[in-house]
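The values are calculated or read from the model by the stated rules, or taken from the named source; none is laboratory data. What you see is a predicted model, and the numbers here were worked out from it, not measured in a lab. Note that we place each Cβ from the backbone using ideal geometry, even for glycine, and neighbour counts take in every protein chain shown. Accessible surface areas use protein heavy atoms only, side chains included; no ligands, DNA or RNA. Shrake-Rupley method; radii C 1.70, N 1.55, O 1.52, S 1.80 Å.
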Amino acid sequence: MKPFYILFLFLLIVPVASAQENFLVKSISFVGNKSFKSDQLRGLMLTRPSPAAVWRVLYGIGHIVGDSAQYLDPIIFRADLERIRQFYRDEGFRYVQVDSSLKYNLKKRSVDITVEIKQGPEAYVSSVRY
């Protein structure tokens with residue numbers, strides 16, 4: 001009978017522990033992006049801001065209208081930052097620095113993301129000899 005209790009406690013604790021790590025992405029903003037629009041940079045990211053609560057509820061009812069809640073996944077977010085860094089390098093900003101700051105709201109279980117970009121000088125071709 002003891003193995004049953006241990007299994008029951010394990011099945012009860014695992015979902016609770018994993019649910020505590022979920023933070024709803026409230027907003028994503030960019031600072032320092034002088035050459036590209038925020039919408040263009042946001043399009044490179046897999047991490048998305050969550051829709052308003054009304055749209056999340058409507059999506060939960062019938063999956064017809066609205067969108068699901070978006071939660072922060074640190075691994076995907078790290079890949080998003082690397083994708084932005086590579087995009088800037090591909091566009092000629094060799095010395096770009098991409099950093100982020102996360103502002104957690106523990107009461108509401110949400111996070112505000114700020115992506116900080118230091119572009120550095122843009123590379124250009126001054127002359128070509130043939």
Just for the range 7-51: of the residues that are of a type in the set (V, I, T) and modelled with pLDDT of 90 or more, which one is nearest to R78 (Cα to Cα)? T47
Could you check how many residues of the range 62-72 are at pLDDT 70 or above and open to solvent by 60 Å² or more (accessible area, probe 1.4 Å)? 1
Meets criteria (at pLDDT below 90, open to solvent by 70 Å² or more (accessible area, probe 1.4 Å) and not small (G, A, S)) for V57: yes
Looking at the range 85-107, which of its residues are closer than 13 Å to K118 by Cβ and of a type in the set (G, A, S)? S100
Considering only residues of the range 75-130 that are among the basic types (K, R), in contact (Cβ under 8 Å) with a residue 40 or more places away in the chain and not in a strand (DSSP E or B), which is most open to solvent (accessible area, probe 1.4 Å)? K108
